[in-house]
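The block underneath contains the structure these notes are about, expressed in C-alpha cells.
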Amino acid sequence: MNSFAAENPFFERQIIWLVLGVIVTVAASMIDYRFLRRTWPIIILFGLTVAALSLIFLFGDVVKGAQSRFYFAGFAIQPADPAKLVLIAILAKYFARRHVEIANVRHVLVSGAYTLALFVLVLLQPDFGSAIIVALIWFGMTLVAGISRRHIIAVLLIGVVAAGGLWAYVLEDYQKARVITFLNPVADIQGAGYNAYQSTIAAGSGELFGKGIGYGTQSKLKFLPEYETDFIFAAFAEEWGFFGVLLLFLLFGVLMWRILALSAAGGSNFETLFAAGFAIMIISHFAVHVGINIGLLPVTGTTIPFMSYGGSHLITEFLGLGILMGMRRYSRIAIDDYKEVEMEHV
C-alpha cells in the first residue's frame with residue numbers, strides 16, 4: 001500500500017476499510033451461528049441477496065461498462081462480494097443434511113439452481129470474474145460434499161455447453177477479445193492484449209529480489225493498468241521479486257491451513273462445509289487473480305484476497321474469518337454443554 005500512497009487517495013481509504021474489517025471480524029466472532037442451521041434464516045439471507053443483486057440494475061452506478069456497485073458516502077459497495085458468503089452458507093446448510101445422499105442427482109440440481117440464480121445476476125452486470133468465482137464455489141463444495149464421478153463428468157459437459165452459450169449470447173465484445181488475446185497474446189498488444197502483456201512484464205521484471213517498495217516502474221509510470229486492484233499481484237511481484245512472491249504464497253498457505261483445520265474440527269457438518277466453502281472462495285480468488293497476472297488465464301477483473309484495493313471484498317473476507325471464529329467458539333460451548341449433560345446422566 002505504501003507504493004501508492006503518494007499518488008492517490010487509495011491508501012487512506014484502504015486504511016479505513018482495514019480498520020472496519022478488523023471491527024467486523026471481532027463483532028462477527030461474538031455471534032452464535034448455529035441459527036444458520038435452520039431453514040428460514042438462510043432463505044431470508046438468500047432472498048435479500050437476490051434482491052440486492054436485482055436492485056443494482058435500477059440504482060447501481062455504471063463504472064467501466066459494468067453496473068455492479070452502489071455508491072454511498074463516497075464509497076463503493078458491491079453486493080456480489082457478500083453474495084459469495086451467502087452462497088457458501090446456503091450450500092453448507094443444504095449439503096449438511098444431504099451429503100450422504102449426494103449421489104442423488106436431485107441434490108446436485110437443487111444446489112445448482114441456488115447457484116445459478118446468483119451466477120446469472122452477477123454475470124448480467126456484467127462481472128464475469130465474480131460469476132466465475134460463484135461457479136467455482138459451487139463446484140468445489142459439491143466435490144467436498146461427495147459428488148459422484150459420473151455427476152462430475154455431467155457437470156463438466158454442462159459447463160462446456162454453457163460456455164458455448166455464454167460466448168454466443170452473453171459475453172460482450174471486449175470480453176471475447178480478452179479470451180482471443182489470451183489464446184494468441186501477441187495478436188493485439190496495443191489493444192485487448194495490453195493489460196495482460198504489461199502485467200507479465202511487471203511480474204517478470206521483479207526478478208529475484210524486486211525493484212524495491214515504491215520503485216515499481218510499470219505501476220509508477222502507469223504502464224500497468226489497475227495496479228491497485230486487478231493487477232496488484234503483478235505490481236507486488238515487480239517490487240518484491242521472486243522471494244517476495246514465495247513469502248506471499250507461504251502466508252496464503254498458512255491462512256488456508258488454518259481455515260481447513262477449522263473445517264476439520266467443525267462442531268457439525270454445517271461448520272465443516274462452511275469453512276471448506278470459505279477456503280474454496282479464497283483459493284479461487286487467489287488462483288484466478290495470479291493466473292491472470294502471469295498470463296495463464298484470460299483477463300476477467302478479479303481481486304486477490306486482502307491485497308486488492310476495495311472495501312466490499314475486504315469486508316467480506318474479514319467477515320468470513322469472523323464467522324469462522326464465532327463457529328469455533330460456540331461449537332466448543334455446545335460440545336462442553338453436551339459433555340456436562342452426559343456426565344449428569346452417568
Going by the structure shown, is residue 272 out of contact with any Phe, Trp or Tyr (no Cβ under 8 Å at 6 or more places or on another chain), part of a helix (DSSP H, G or I), at pLDDT below 90 and of a type outside the set (Gly, Ala, Ser)?
no
Residue count, the stretch 213-239 (criterion: surrounded by fewer than 18 Cβ atoms within 10 Å (Cβ to Cβ) and assigned to a loop (DSSP other than H, G, I, E, B))
7
Where a residue in the stretch 150-166 is among the β-branched types (Val, Ile, Thr) and its partner, wherever it lies, is assigned to a helix (DSSP H, G or I), with Cβ under 7 Å and at least six apart:
155/139
Residue 27 vs. criteria in contact with a Gly (Cβ under 8 Å, 6 or more places away or on another chain), modelled with pLDDT of 90 or more and small (Gly, Ala, Ser):
yes
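Yes or no, residue by residue, for (1) out of contact with any helix residue (DSSP H, G or I) (no Cβ under 8 Å at 6 or more places or on another chain); (2) not aliphatic (A, V, I, L, M):
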residue	(1), (2)
118	no, no
133	no, no
141	no, no
146	no, yes
162	yes, no
169	yes, yes
Note on the stretch 190-212: residues in a helix (DSSP H, G or I) and not aromatic (Phe, Trp, Tyr) are 195, 196, 198, 199, 200, 201, 202, 203, 204, 205
Answer residue from the stretch 30-75, given it is exposed (fewer than 13 other Cβ atoms within 10 Å of the Cβ), of a type in the set (D, E, K, R) and farther than 26 Å from residue 110 by Cβ and is modelled with the lowest pLDDT among those:
64
If you go through the stretch 198-208 one residue at a time, do you hit one that is surrounded by 21 or more Cβ atoms within 10 Å (Cβ to Cβ) and touching a His at 6+ places or on another chain (Cβ under 7 Å)?
no
Kindly list the number of the only condition in (1) touching a residue at least 40 places away in the same chain (Cβ under 8 Å); (2) within 18 Å of residue 206 (Cβ to Cβ); (3) in a loop (DSSP other than H, G, I, E, B) that fails for residue 290.
(3)
Quick check on the stretch 296-316: of everything there that is over 22 Å from residue 204 (Cα atoms) and modelled with pLDDT of 90 or more, which residue is surrounded by the most Cβ atoms within 10 Å (Cβ to Cβ)?
313
Where in the stretch 12-130 are there strands (runs of 3 or more DSSP E), lying wholly inside it, with at least 2 residues that are within 23 Å of residue 172 (Cβ to Cβ)?
61-63, 66-72
Residue check, residue 93 touching a Leu at 6+ places or on another chain (Cβ under 7 Å) and at pLDDT 85 or above
yes
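The values are calculated or read from the model by the stated rules, or taken from the named source; none is laboratory data. Quick caveat, the model's predicted, so the values are computed rather than measured. Note that each Cβ is placed from the backbone with ideal geometry, even for glycine, and that neighbours are counted across all protein chains shown.
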